[in-house]
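The values are calculated or read from the model by the stated rules, or taken from the named source; none is laboratory data. Note that the structure is a prediction, hence the values are computed from the model and not measured. All Cβ positions, even for glycine, are placed from backbone atoms using ideal geometry, and neighbour counts span all protein chains on display. What goes into the accessible areas is simple: the full protein's heavy atoms, side chains included, and nothing from ligands, DNA or RNA. Shrake-Rupley method; radii C 1.70, N 1.55, O 1.52, S 1.80 Å.
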Amino acid sequence: MGCGSSRVNTNSVKRTVKAIKAAILIQRWYRQYAARLEVRRRCTWTIFQSIEYAGEQDQIKLHNFFSYLMDHFTPASGSEYDHISHIFTPSDESCKDVEEDSHCVYPSIEVSVSYPGPQLCFPLTPADVTTLLEAFKDEQQLHAHYVLQLLNETKKHLEHLPNINHVSTCYGKEITICGDLHGKLDDLFLIFYKNGLPSPEKVYIFNGDYVDRGKYSIEILMILFAFLLVYPKGVYLNRGNHEDYVINLRYGFTREVMQKYQVHGNRILKLIQSVFSGLPLATIVDEKVLIIHGGVSETTDLDFLSKINRHKYVSILRPPRRKRIERHEQVSSDQEQDSSGDNEHCRRKGLGTISTKRKEISRRVRHSVEEELEKCRRKVGFSNTYDESKTSHPMLNSDTQEIFDSDDHEWKQIVDILWSDPMHQEGCIANKVRGGGCYFGPDVTEKILQKHNLQLLIRSHECKQEGYEFCHNQKVLTIFSASNYYEVGSNRGAYVKLGPDLIPHFVQYQVSQSTRKLTLRQRVSRVEGSALGALRKKIFAHKSDLISAFEHYDKNKTGNISLNDWANALETVLALGLPWRVLRSQLVPTVLNGLVNFYLWFDDLAIEKPIAQHIQPSLLEMLYRSRSDLETIFTIIDSDNSGLISFEEFEKTCKLLSSHLMINISEKAIGDLARSMDFNKDGSIDINEFLEAFRLVDKP
């Protein structure tokens, strides 16, 4: 009996040991599997972010180009100025004029009896907002009459708000803070469904970036503005970096409004610009939690920010310029007064009038500017344009000061809070990845919080995979409310709730029907495929530059380079900051003896070339890489939203763009391209067909 029992125990132990070993192997395999998926997910995320930030850099560069052009453009003819004057030129005065015009016009915009959408009565009631929500759920469109009236009322309300709102959680109230929505109406509806509608008892703070990228930006604005008017103590809105007409030109909001409101679209957009400039810059909860869109810098001063005139910053990327009282103007004014008697004396003596010194100074100033502009005049083909070698206004004669100037300190304060991002390292450096604002470290956060007796900074501005993320020793919280931002399944959205104890409580969500039944691996593969497709197109669009860089490493002219040289060349040309060696297996399926044949690699990228292949290759690549810039410019030039621009406007636009990119493109190449796109030979070019002609697509 004893021996049999011993054998049974031994076998039982062996089986147990085998089971444990099997469990350990399975566990180890699963950890490795999960780790590989996480690496793929992080690489995918990095690709999406790098391409997004590169687009923001391109937009800032394009805007700087046209800003300088407008500041120093002296037209030789009215048509030249008309071509340029539509580009990036709103001012406080023009917005004010449009606002007054809209205020006078909207009563005259008749609402047809057949109009099926929601009807609003002012002052708004909670029932009106509920009607608006239900209408937007049914995909109905709000009439332009009500849009303009709602914008006007919002503008008047914002004029009385401070730059920094102060909110309290007294009486046990919870405050809900939402991050970027970016035109994703389903996310806003889901937040309201899970958390309840705004009211004096259910206070919301929306932290900017309501528009662009998504399809329902105007609807989100109408809902938030309506709630703001009904519950001014229940809804607080901060300005984000996308509440800026320059950014809206590239990322879809301008196009959305013009498509939905073709007749009154321009008037609506101009009024929205004015409303955006009136949005507060920050909100403080219980004097302890600072809520701003981007971040801070080492020079951020909330006391200073609370005193500036935020309304004059219609675009943060184009600071308002104020006229200085110049020394030569003062002298000239005095001389004109003093010389009036002398001129009269000379006239009596028949000697004619005395020329004032002011005219001579003006002549010298014009001459100085013209010298600076000469190079680009020749390149672009206009009589006068800008000097690309300068990055700021040209120095004028020592007898004068700058004609225009901006308050750099005031402007930088606003740019920093709207555009900045946190970093792990200490210090504060320029944010070259985005092209605006700064990167601020934990020490900068601690300094600003201590200076203003705060304990937490809540920001948005960055998409996070889980919808939120802490950093800087739990002192900085990023909250992002647009789920599926880059691709369906790419990220969750989230909002945060603060009670009197100011301890954050998070609610995550993901608006997606199609990915619920997919496994984790399938979801990662789907998002990864989208990211790699976008990256391959970006690589292919820089083919000429990349081949030149590869050939630099290929000293023996074999067409083969090492993986290390391949990665270095990609980063040098594209400057995306990606882990190219990690991505090599997805981008380069065939490697022989550790070498990449870069000529064959481009053939294997699975990308079809643009349709217009007979056009000069350098022009093709320039136009494809700059298709967002082109669409931005076309949006402005195509003021009647017809989808057509004239043959002459197209040629001038291409010349301007080639000048901006510092690429020499012949007039013949531009003319050939224009003629190839003018299919019906009517002297106009269809913008949509033009952009489609230069779209790169995956091969089947």
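Computed over protein heavy atoms with a 1.4 angstrom probe, the accessible surface ordering of VAL275, VAL573, largest first, is VAL573, VAL275.
Taking 0.36 nm per residue of sequence separation and removing the Cα-Cα distance, the ILE20/LYS288 pair yields an extension gain of 91.3 nm. For the range 153-251, the gyration tensor built on C-alpha atoms gives an oblate shape. Its axis ratio a/c (a ≥ b ≥ c) is at least 1.5, and a/b is not larger than b/c.
Under the simplified labelling scheme, the GLN455-ASP545 pair shows an inter-label distance of 4.9 nm, with each label point 7 Å from Cα along Cα→Cβ. What fraction, in whole percent, of alpha-carbon pairs in the range 120-167 exceed 17 Å separation? More than 17 Å apart: 47 percent of the Cα pairs in the range 120-167.
The listed residues ILE51, ILE414, once ranked by accessible area (1.4 Å probe) with the largest placed first, stand as ILE51, ILE414.
Sort the range 415-531 into rounded, prolate or oblate with this rule: let a ≥ b ≥ c be the square roots of the eigenvalues of the Cα gyration tensor; rounded if a/c is under 1.5, and if a/c is not under 1.5, prolate when a/b is larger than b/c, oblate otherwise. Taking the square roots of the gyration eigenvalues as a ≥ b ≥ c, the range 415-531 is oblate.
For GLU219, the accessible area of its heavy atoms, probed at 1.4 Å with every protein chain present, is near 20 square angstrom. Ligands, DNA and RNA excluded, the heavy atoms of ARG584 present near 70 Å² of accessible surface to a 1.4 Å solvent probe.
So if R0 is 56 Å, what FRET efficiency would THR558 and GLN27 give, r being the distance between their Cβ atoms, rounded to the nearest 0.05? FRET efficiency, THR558 to GLN27: 0.75.
Put THR169, THR10 in order of accessible area, highest first, and with a 1.4 Å probe you get THR10, THR169.
Full extension from LYS194 to SER12: what is 0.36 nm times the residue separation minus their Cα-Cα distance, to one decimal in nm?
60.3 nm
For the set LYS557/LYS655; LYS538/LYS655; LYS412/LYS432; LYS233/LYS288, the pairs lying more than 26 angstrom apart at their alpha carbons are LYS557/LYS655. Note on ARG310: accessible area approximately 10 square angstrom, rounded to 10, probe 1.4 Å, nucleic acids and ligands left out. What shape does the range 210-318 take by its C-alpha gyration tensor, where a ≥ b ≥ c are the square roots of the eigenvalues and a/c under 1.5 counts as rounded, a/b above b/c as prolate, and the rest as oblate? Prolate shape, in that a/c is at least 1.5 and a/b is the bigger ratio. Computed from backbone phi, the HN-Hα couplings of the range 271-280 come to 5, 4, 4, 5, 5, 4, 5, x, 5, x Hz, rounded to whole numbers (Karplus: 6.51 cos²θ - 1.76 cosθ + 1.60, θ = phi - 60°; Gly and Pro given as x). Under the simplified labelling scheme, the SER666-PHE470 pair shows an inter-label distance of 6.4 nm, with each label point 7 Å from Cα along Cα→Cβ.
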